[in-house]
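Have a look at the structure below, then the notes.
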Amino acid sequence: MTPEMNPFEIAQRQLALAAEVMGLDATPHEFLRWPMREFHVRIPVRMDDGTTRVFEGFRVQYNDARGPTKGGLRFYPLETFDTVRALAAWMTWKCAVVDIPLGGAKGGVVCNPKELSLSELERLSRGYIRALGHYVGPEIDIPAPDVYTNPQIMAWMMDEYSKMVGHNAPGMITGKPIPLGGSQGRGDATARGGMYCMREAARALDIDLSQATVAIQGYGNAGQYAHELVSELFGSRVVAVSDSKGGIYCPDGLSFESVSAHKQDEGTVLTYADAAQACQRITSAELLALDVDVLIPAALEGVIHAENAHDIQARVIAELANGPTTPQADEILIEKGVYVIPDFLCNAGGVTVSYFEQVQNAYGFYWDIDLVHQRLDQKMTSAFQAVHRVAQQHGTPNRIAAYVVAVARVAEACKLRGWV
Ligand code: NAD
């Protein structure tokens, strides 16, 4: 993250640019610049050594005009209130751009889960729900996994909430394990949704993805599935990947099976380079500057900024991460003619399948994987087309076009409710 702006200032700046293009009135603009509700909690957790540690937690419910708020929960050591606010704003625009009947929220706990034992992690997860359980729920606000949280954490949280309300409540959270009401296809949904966007972008730009080279920054849920799917669906060649320890570059292409198995065993992709032929270590910064057709940032926010945007050589950036590009970098990328599939469109597949999970929980009737993929494809393709049309109509970059589509829908709902 550069000192350009914090993530929430960036989210507000992006909204302002869209408000200008769409001629949004001052009152709805002011209303949509801020979260509707915020929670700041302290969570005491009994540690394995008998001491008690107090953790700081956040939940931001940004806007619920279109439906209950929805958004992930991060367990992240550098979490800040403003990052959570920004992510909650982006969730609002994300749910609106894919046209699902939900608002946006986000949560976070300042912690390093890698330093916690499994039982400490369970007590922290249950503690978060004890602190916030009265303010979330299937009709209010539905959390989900995000950075450094996972289906097991969702299961503990669902169990704790069910105890609080006195009945089984699978619909209060998504991203659950399948035996507890999770949906088929949730695991790779974020990356898969991004792939459908990439397919549509490639059609619009006349790019043959089977001949394309790809670099992926971040090798967690989003990044690993992107590696698997870009190879499986399009036959593209992934030449570089990275994680928090660094990256690897292999011009002949990196096999998903080998690299993901290495990451599983060693905890990093970095050391893969030591054993593999024609493969070298690179920094995460070097990865961003590689001469590839498609760059997929799939780690954290603010990684493409004013100082490195000039170095980007990719023709397309598919933003699976939230907020990977700062506004100054955006301007540079526009000048360079880089085609950006903006974050809250590109990574909306996760929340879309989370919404499918809620629908299935509500009906107690579960879909097979083909139906999930088919419905996800429909949602992502029509969202991409709506954004593409607006970008062409207004002559704006995709990010602003995505905002125009999403903000118009949220502003309309606010107006119909008589709020602004
Ligand atoms: P994750 O915790 O599974 O993985 C994060 C990865 O990023 C890890 O491999 C970590 O090592 C790597 N990383 C951290 N710092 C890095 C750095 N400086 N350089 C390179 N890699 C680095 O998280 P995730 O769920 O894959 O989320 C990644 C991004 O995608 C986040 O921005 C998240 O908000 C966004 N996202 C995720 C989902 C989802 O369903 N998982 C949905 C929408 C958006």
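Condition (residue is under 30 Å from MET47 (Cα atoms) and not hydroxyl-bearing (Ser, Thr, Tyr)) applied to segment 89-101: is it met by at least one residue?
No; the residues of segment 89-101 include none that is under 30 Å from MET47 (Cα atoms) and not hydroxyl-bearing (Ser, Thr, Tyr).
Anything in segment 114-138 that is outside any helix (DSSP H, G or I) and within 16 Å of the ligand (Cβ to nearest atom)? List them, or say none.
Passing the criteria: only LEU116.
Since VAL340 meets every condition but one in (1) in contact with a strand residue (DSSP E or B) (Cβ under 9 Å, 6 or more places away or on another chain); (2) in a helix (DSSP H, G or I); (3) buried (at least 24 other Cβ atoms within 10 Å of the Cβ); (4) among the hydrophobic types (A, V, I, L, M, F, W, C), which condition does it not meet?
Failing condition for VAL340: (2).
Let's see how each residue does on (1) within 30 Å of GLU122 (Cα to Cα); (2) in contact with a helix residue (DSSP H, G or I) (Cβ under 8 Å, 6 or more places away or on another chain); (3) assigned by TED's automatic domain parsing to the domain that holds GLY127:
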{"residue": "PRO7", "(1), (2), (3)": "yes, yes, no"}
{"residue": "LEU15", "(1), (2), (3)": "no, yes, no"}
{"residue": "MET22", "(1), (2), (3)": "no, yes, no"}
{"residue": "LEU32", "(1), (2), (3)": "no, yes, no"}
{"residue": "ARG59", "(1), (2), (3)": "yes, yes, yes"}
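Test of understanding: among ASN150, ASN168, which residue is within 21 Å of the chain's Cα centre (by Cα), among the polar types (S, T, N, Q) and outside the structural domain of ALA298 (by TED's automatic domain parsing)?
Sole residue among the options that is within 21 Å of the chain's Cα centre (by Cα), among the polar types (S, T, N, Q) and outside the structural domain of ALA298 (by TED's automatic domain parsing): ASN150.
Of all residues in segment 270-329, how many are of a type in the set (A, V, I, L, M, F, W, C) and either touching a Ser or Thr at 6+ places or on another chain (Cβ under 6 Å) or at positive phi (or both)?
Qualifying residue count for the region: 4.
TYR76 - would you say it is of a type in the set (Phe, Trp, Tyr), touching a Phe, Trp or Tyr at 6+ places or on another chain (Cβ under 9 Å) and farther than 15 Å from ALA11 by Cβ?
For TYR76, the condition - of a type in the set (Phe, Trp, Tyr), touching a Phe, Trp or Tyr at 6+ places or on another chain (Cβ under 9 Å) and farther than 15 Å from ALA11 by Cβ - is met.
As an exercise: evaluate HIS373 against (1) more than 20 Å from ARG203 (Cβ to Cβ); (2) open to solvent by 10 Å² or more (accessible area, probe 1.4 Å); (3) in a helix (DSSP H, G or I) and give the number of the one condition it does not meet.
(1)
Given the criterion in the same structural domain as ALA401 (by TED's automatic domain parsing), at pLDDT 95 or above, farther than 22 Å from HIS227 by Cα and under 19 Å from the mean Cα position of the chain (by Cα), identify the matching residue among GLU307, GLU357.
GLU357
Looking only at segment 228-236, decide whether some residue is surrounded by 24 or more Cβ atoms within 10 Å (Cβ to Cβ) and assigned to a helix (DSSP H, G or I).
Yes, because at least one residue in segment 228-236 is surrounded by 24 or more Cβ atoms within 10 Å (Cβ to Cβ) and assigned to a helix (DSSP H, G or I).
How many residues does segment 181-197 contain that are assigned to a loop (DSSP other than H, G, I, E, B), on the phi < 0 side of the Ramachandran plot and in contact (Cβ under 8 Å) with a residue 40 or more places away in the chain?
The qualifying residues number 5.
Of a type in the set (S, T, N, Q), away from the ligand (no atom under 11 Å from the Cβ), open to solvent by 10 Å² or more (accessible area, probe 1.4 Å) and out of contact with any helix residue (DSSP H, G or I) (no Cβ under 7 Å at 6 or more places or on another chain), is that true of SER255?
In short, yes.
Given the residues ALA285, ALA275, ALA298, ALA289, which is the only one that is within 15 Å of the ligand (Cβ to nearest atom), open to solvent by 50 Å² or more (accessible area, probe 1.4 Å) and of a type in the set (A, V, I, L, M, F, W, C)?
Every option except ALA285 fails the conditions.
Can you find, within segment 64-83, the residue that is nearest to the ligand (Cβ to nearest atom) among those that are among the basic types (Lys, Arg) and within 17 Å of ASN322 (Cβ to Cβ)?
The qualifying residue nearest to the ligand (Cβ to nearest atom) is ARG74.
Of the residues GLN61, GLN14, which is surrounded by 23 or more Cβ atoms within 10 Å (Cβ to Cβ) and within 23 Å of PRO327 (Cα to Cα)?
Residue meeting the stated conditions: GLN14.
How many residues, within segment 177-187, are open to solvent by 20 Å² or more (accessible area, probe 1.4 Å) and either basic (Lys, Arg) or at pLDDT 95 or above (or both)?
Residues that pass the stated criteria total 6.
Among the residues of segment 189-218, write down those that are in contact with a helix residue (DSSP H, G or I) (Cβ under 6 Å, 6 or more places away or on another chain) and either modelled with pLDDT under 95 or buried (at least 24 other Cβ atoms within 10 Å of the Cβ) (or both).
Residues satisfying the conditions are ALA189, THR190, ALA191, ARG192, GLY193, GLY194, MET195, CYS197, VAL214, ALA215, ILE216, GLN217.
I'm trying to understand the selection: among the residues of segment 215-229, which are more than 8 Å from the ligand (Cβ to nearest atom), over 17 Å from GLU286 (Cα atoms) and in contact (Cβ under 8 Å) with a residue 40 or more places away in the chain?
Result: ALA226, GLU228, LEU229.
Suppose we keep only residues that are assigned to a strand (DSSP E or B) and out of contact with any Leu (no Cβ under 6 Å at 6 or more places or on another chain) within segment 139-165. Which one would you say is surrounded by the fewest Cβ atoms within 10 Å (Cβ to Cβ)?
So the residue we want is PRO145.
The values are calculated or read from the model by the stated rules, or taken from the named source; none is laboratory data. Being a predicted model, the structure only gives us computed values, none of them experimental. So basically every Cβ, Gly included, is an ideal-geometry build from the backbone, and we count neighbours across all protein chains shown. Just the protein is used for accessible areas: all its heavy atoms, side chains included, with ligands, DNA and RNA removed. Shrake-Rupley method; radii C 1.70, N 1.55, O 1.52, S 1.80 Å.
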